[in-house]
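Q: Sharing a structure below in structure tokens format, with a few things to ask.
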Amino acid sequence: MDVVQEEVTEDFQRMAGIQTIEEEYFRVGFSKRIINRVTWLVVLVIAATISQAILKRYSGVLSSMIALAYFIPMLTGSGGNTGSQSSTLIIRALATGEVKSREWWHILLREFKVGATLGFVMGLIAFTIAAISLGKISVAVTVGISLCTVVCVGNIVGLAIPLFFRFIKLDPAFVSAPLIATLLDATGLVIYFEIARRILATTAP
């Protein structure tokens, strides 16, 4: 029972982006806690600069329609949350033997349907919110389509990365949820601004 508990604890720590700590909470020294957590945090800070570069790259689109900025947290948050959900589910399923990595095609197809359905529902909600709050249909359509796409992509990415880790013989639990969320933040921004650039270009007077 202790072995199972230790393995579960290690998996949770890895998924949270923390190096494995075997000692009990109050027996771990201050410096060791810092060391065990700082590595992933530094990686995530560096990874977050990708989002910064993307925002700079699309600053022209953002400045032409400043209302787009209002919905960035909604889009990036939804993509990260969806990816974290799907990665947690697939990591557990792989650990318990419910699914095998060789079944990847069936898993991807199944989760694509789930992601598309979730994306449609959330995109419709986002469209309604944007339309009511701003009264600009072009922005509302942009937000709705973007959120639908981001959620669908997030769902696929969240399960594809753990499957890839299992395929190359690494523990899928090494994939931390914060890293997946950070990567999906950047992906979501690219999707959002590319869709915005095309839709707003066709609706511009």
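The values are calculated or read from the model by the stated rules, or taken from the named source; none is laboratory data. Keep in mind that what you see is a predicted model, and the values were worked out from it rather than measured. Positions of Cβ are backbone-derived with ideal geometry, glycine not excepted, and every protein chain shown enters the neighbour counts.
Q: So ALA116 clears everything in (1) touching a Gly at 6+ places or on another chain (Cβ under 7 Å); (2) among the small types (Gly, Ala, Ser); (3) surrounded by fewer than 20 Cβ atoms within 10 Å (Cβ to Cβ) except one condition, right? Which one?
A: Of everything listed in (1) touching a Gly at 6+ places or on another chain (Cβ under 7 Å); (2) among the small types (Gly, Ala, Ser); (3) surrounded by fewer than 20 Cβ atoms within 10 Å (Cβ to Cβ), ALA116 misses just condition (1).
Q: Which residue is surrounded by the fewest Cβ atoms within 10 Å (Cβ to Cβ), if the candidates are limited to the range 40-83 and must be free of Cβ contacts under 8 Å to residues at least 40 places away in the same chain and among the aliphatic types (A, V, I, L, M)?
A: So the residue we want is ILE66.
Q: Could you check, for the range 140-150, whether at least one of its residues is surrounded by fewer than 20 Cβ atoms within 10 Å (Cβ to Cβ) and either hydroxyl-bearing (Ser, Thr, Tyr) or assigned to a helix (DSSP H, G or I) (or both)?
A: Yes, the range 140-150 has at least one match.
Q: Any chance the range 157-168 includes a residue that's under 18 Å from the mean Cα position of the chain (by Cα), in a loop (DSSP other than H, G, I, E, B) and of a type in the set (Val, Ile, Thr)?
A: Looking for residues that are under 18 Å from the mean Cα position of the chain (by Cα), in a loop (DSSP other than H, G, I, E, B) and of a type in the set (Val, Ile, Thr), one finds none in the range 157-168, hence no.
Q: Residues of the range 163-201 being at pLDDT below 85 and closer than 16 Å to GLY60 by Cα, which ones?
A: Residues satisfying the conditions are LEU200, ALA201.
Q: Any residue in the range 85-95 that is crowded, with 22+ Cβ neighbours inside 10 Å, in contact with an Asp or Glu (Cβ under 9 Å, 6 or more places away or on another chain), in a helix (DSSP H, G or I) and not β-branched (Val, Ile, Thr)?
A: yes
Q: VAL190 - would you say it is more than 18 Å from VAL121 (Cβ to Cβ), under 12 Å from the mean Cα position of the chain (by Cα), surrounded by fewer than 20 Cβ atoms within 10 Å (Cβ to Cβ) and not small (Gly, Ala, Ser)?
A: In short, no.
Q: Go through (1) surrounded by fewer than 16 Cβ atoms within 10 Å (Cβ to Cβ); (2) in a helix (DSSP H, G or I) for GLU98 and report which single condition fails.
A: Only one criterion is unmet by GLU98, namely (2).
Q: Could you check ALA130 against (1) under 18 Å from the mean Cα position of the chain (by Cα); (2) closer than 30 Å to ILE66 by Cβ; (3) small (Gly, Ala, Ser) and say which number it fails?
A: (1)
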